[in-house]
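J.: Once you've had a glance at the structure underneath, I'll fire off some questions.
The values are calculated or read from the model by the stated rules, or taken from the named source; none is laboratory data. As the structure is a prediction and not an experimental result, all values here were calculated from the model. When we count neighbours, we look across all protein chains shown, and the Cβ atoms used for this are built from the backbone with ideal geometry, even at glycine. Note: accessible area is taken over every heavy atom of the protein model, side chains too, but ligands, DNA and RNA are not part of it. Shrake-Rupley method; radii C 1.70, N 1.55, O 1.52, S 1.80 Å.
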Amino acid sequence: LLVDGDRRVYAAPAPRDAGWVLAVFSVPESERQKRHVLRSRLAGLGFGTAAPGVWIAPARLFEETRHTLCRLGLDPYVDFFRGEHLGFAPTAEAVARWWDLTAIAKAHEQFLDDHEPVLRGWERRGDTPPEDAYR
């Protein structure tokens, strides 16, 4: 998990407008626990819910998602598609349906509030490279 996290944090930035990746999945009722793990993992990776069994994220998350689902043995339940949003509503409106933007903003503000004192402490130490501060 730490290696996966490092890959995400230190990876070269992906192009900003690479479209979307859709994860379409179906897990049999007899394996309901796997469905819960799959949904939780997709949410943790940054996916939003477009429809039941259809999750969407920026396309740059595809490789990390593929790697994670394979590692967890969930890949047999998922098909991926890449594309553009061509819906009737503007993309910004659709995004607001797929993700709870208010809750995300609140969590982000809470994270900043919780960790701001630690950041200030590291900033006062001029001898520490940013990578060491992160670790």
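J.: Any residue in the range 94-107 that is among the basic types (Lys, Arg), under 27 Å from Pro130 (Cα atoms) and modelled with pLDDT of 95 or more?
T.: yes
J.: May I pose another question? Quick check: is even one residue across the range 109-124 within 17 Å of Asp4 (Cβ to Cβ), outside any strand (DSSP E or B), in contact with a Ser or Thr (Cβ under 9 Å, 6 or more places away or on another chain) and not polar (S, T, N, Q)?
T.: No: zero hits.
J.: Which one is nearest to Val3 (Cα to Cα), of the residues in the range 46-67 that are among the aliphatic types (A, V, I, L, M) and surrounded by fewer than 18 Cβ atoms within 10 Å (Cβ to Cβ)?
T.: Val54
J.: Does at least one position in the range 4-17 carry a residue that is open to solvent by 60 Å² or more (accessible area, probe 1.4 Å), among the aliphatic types (A, V, I, L, M) and either modelled with pLDDT of 95 or more or part of a helix (DSSP H, G or I) (or both)?
T.: There is at least one residue in the range 4-17 that is open to solvent by 60 Å² or more (accessible area, probe 1.4 Å), among the aliphatic types (A, V, I, L, M) and either modelled with pLDDT of 95 or more or part of a helix (DSSP H, G or I) (or both).
J.: Would you mind finding the one in Asp75, Asp127, Asp113, Asp100 that is under 22 Å from Arg39 (Cβ atoms) and either in contact with a His (Cβ under 6 Å, 6 or more places away or on another chain) or open to solvent by 90 Å² or more (accessible area, probe 1.4 Å) (or both)?
T.: Going through Asp75, Asp127, Asp113, Asp100 in turn, the sole match is Asp100.
J.: OK, next. Go through (1) in contact with a helix residue (DSSP H, G or I) (Cβ under 9 Å, 6 or more places away or on another chain); (2) in a helix (DSSP H, G or I); (3) closer than 23 Å to Ala59 by Cβ and name the single condition Gly87 misses.
T.: (2)
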